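Scroll down for the structure; my scribbles are underneath it.
Every read-out reported here was derived from the displayed coordinates using simple, explicitly stated rules and does not represent laboratory data. Just so we're clear, the structure is a prediction, and the values are computed from it rather than from any experiment. Neighbour counts run over all protein chains shown; Cβ positions are idealised from the backbone, glycine included.
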Amino acid sequence: MTDNPLRLDKTSLAFGSVEVFQEVSLTIQRGEFVAVVGPSGCGKTTLLNLLSQFLKPTSGQIISTGRVRMVYQHDSLFPWQTVSENISLGLRHVRDTAEQKRQLNEMLKLINLESFANHYPHQLSGGMRQRVELARALIGDSDILLLDEPFSSLDYLTRIRLRNELARMLDKLPRTVVLVTHDIEEAAQLADRIIVLSDRPARICSEFQVELARPRELTNPVVVTTVHKILAELGIERLGPQASSPAVAAT
Amino acid sequence: MTSNSPSSTDRLLPFVVLLVVLLIWILVSFLHLFPTSVFPSPLDVAKGFVEEVRTGILFDDVIASLFRVTTGFGLAAVTGIPVGLWLGNHARARSAFLPLINFFRSLSPLAWIPFAILWFGIGDLPTVFLIFMASFFPLVLATVAAVANIPSVYFRVARDYGFNGTEMLMRVTLPAIAPQVITSLRVTAGLAWLVVVAAEMIAGRAGLGFAIWDARNGLRMDLLVSGMIVIGIIGIVLDRILMQLTKIPSVRWGYDR
């Protein structure tokens, strides 16, 4: 496998006369965590749909190698299946049932839901459900994780907890991640690289590198500075004197 | 979820109500407010009931009615649900057929009684036909609506995880519509049970509906009331049986939220 499992090469996309992307180029390295932020309706989710090959670009090309898994905005667990059965969807390509069982148990342990293995999604809290969604996408040696605002339906505190949870899971099971979010804190707390998209037709406005190990505290100065810089880029805050941490560098 | 299971005293409440109704009935007939020829006493009804049981007529009538309902309703279920699935998945066919199905759904099945007798004579067949006509169209419509309501993300996920066409049907579409379809099966079974009584009154030579009509013709109001009670009780039992389907763990999600 290449070291650049995901690549957009001058990709454009139009729905009829509406241009969504204009010659977007982006290379994502193996194991990199990239967050995509931008104004609502700018095509963040469409970007994921392109990366997952659900949509075909109008021009340009998209290269993705490896097993791609998507985590959706809304409840996408099958409500008629138990936690175990839902997670096991991610093991369908594993032939050996003993191996399936082993991986499933390991995953249930990782997300701390062993005692909920036989529960149905409607019997779980929102945070638990989202952990199951992550587990389903992570299990079975997936390579690329596409996260479409995975925590947007959760309350604030649960959302922060889940960020730490995701960081912990990725520490155990490293993946290449593209996270689309409107939550700038979330991007700053999790991503190695943050891409700010412009309004439609979307292009990449700017990128920020965050060189700080995960898990990061929300109030860590680097995170705070990054949030500030992104907000400034989006024209919501003004770049003040406090935005000068050496660990954050605009590229 | 709202699972306020009734306490033991709450469970007794319906029986208290029944007892009160029975007492009022006893009182009214004891006071002879109405002539017994139009208002039978509970004792007369009980005697009539015992008589019907002893002669075996009641048993035969119950079997006849249940056979017709299960046949007509069963046929409607095994044809109506697949038709609903097909229409639910084919937009053009749906817009072509839905007005017609709505038309027949709105048409009282009893309007078919003359044709049912002309075509099928008297006996099981016309009644089964009428029950089928009563159940088929509502089941089709409920299934179409259920299919249309499946969130598209389920199919997206199924595609992501490599489901083939058969698996999409068996492991996504069917379980996704199951709660709604079960609900409409319960409603439709109730409808079928209403229809069988009416149909048998006219097109029957046996069955509970025929028994009611026969009792009326013989001016046996005691048998008439005993028949009514049996019909009501069987209706409740049928619904209770179908309600068991809602207790299957993999469909609970459709009722618990």
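With r as the distance between the Cβ atoms of residue A:125 and residue A:238 and R0 = 35 Å, compute the FRET efficiency 1/(1 + (r/R0)^6) and round to 0.05.
My answer for the efficiency is 0.35.
Spacing of the modelled spin labels on residue B:107 and residue B:8, each 7 Å from Cα toward Cβ, amounts to 5.5 nm. Between residue A:102 and residue A:4, take the C-beta separation as r, use R0 = 30 Å, and let me know the FRET efficiency to the nearest 0.05. After rounding, the FRET efficiency stands at 0.45.
Quick one: compute a quarter of the convex hull surface over the Cα atoms of chain B and quote it in nm². Mind dumping the intermediate values first?
Working: hull surface 71.6 nm².
Over all viewing directions, chain B projects a mean Cα-hull area of 17.9 nm².
Counts of other chain beta carbons within 10 angstrom of each beta carbon in peptide A:139-147 average 0. The H on the amide N of residue A:24, modeled in the peptide plane, is under 5 Å from the matching H of A:11, A:12, each at least 5 residues off or on a different chain. Within the shell of other residues whose beta carbon sits under 13 angstrom from the beta carbon of residue B:165, the net charge comes to +1, with Lys and Arg scored +1 and Asp and Glu -1. When the Cα centres of segment B:171-213 and segment B:133-150 are compared, how far apart do they sit, in Å? Centre-to-centre (Cα) distance: 14 Å.
Using the Cα gyration tensor of segment A:5-121, with a ≥ b ≥ c the square roots of its eigenvalues, what is the shape: rounded (a/c below 1.5), prolate (a/b larger than b/c) or oblate (neither)? It comes out prolate by the Cα gyration axes.
For chain B, the relative contact order is 26 percent, taking Cα pairs closer than 8 Å that sit 6 or more residues apart in sequence and dividing their mean separation by the residue count. Shielding value for A:67-80 is 5, the average number of Cβ atoms from other chains within 10 Å of each residue's Cβ. The listed peptides A:68-75, B:19-26, ordered by packing as a protection proxy, come out as A:68-75, B:19-26 (highest mean of other Cβ atoms within 10 Å first).
Within 10 Å of each Cβ in B:148-160, how many Cβ atoms from other chains are there, averaged over the peptide?
Details: counts 0, 0, 0, 5, 0, 7, 6, 0, 6, 10, 2, 2, 12.
The shielding value for this peptide is 4.
The 3J(HN,Hα) values that the Karplus relation (6.51, -1.76, 1.60; θ = phi - 60°) gives for segment B:30-44 are, in residue order, 5, 7, 6, 5, 10, x, 4, 5, 10, 9, x, 7, x, 5, 4 Hz. Gly and Pro appear as x. How far, in degrees from 0 to 90, does helix B:124-148 lean away from the longest principal axis of the Cα atoms of chain B, to the nearest 10? Tilt relative to chain B: about 40 degrees. Counted by Cβ distance under 11 Å from residue A:143, the other residues give a net charge of +3, where Lys and Arg count +1 and Asp and Glu count -1.
Each peptide in B:127-138, B:159-170, B:190-201 was scored by the mean count of other Cβ atoms within 10 Å over its residues; highest first, the order is B:127-138, B:190-201, B:159-170. According to the Cα-based calculation, Rg over Rh for the protein assembly as shown is 1.16, with Rh computed by the Kirkwood formula.
Here r is the Cβ-Cβ distance between residue A:45 and residue B:75 and R0 is 35 Å; the resulting FRET efficiency, rounded to 0.05, is 0.15. Relative protection proxy for B:31-37, A:130-136, B:217-223, A:79-85, from highest mean packing down: A:130-136, A:79-85, B:217-223, B:31-37 (other beta-carbon atoms within 10 angstrom). Tally Lys/Arg at +1 and Asp/Glu at -1 over every other residue whose Cβ is under 11 Å from the Cβ of residue B:208; what's the total? Every neighbour counted, the sum reads -4.
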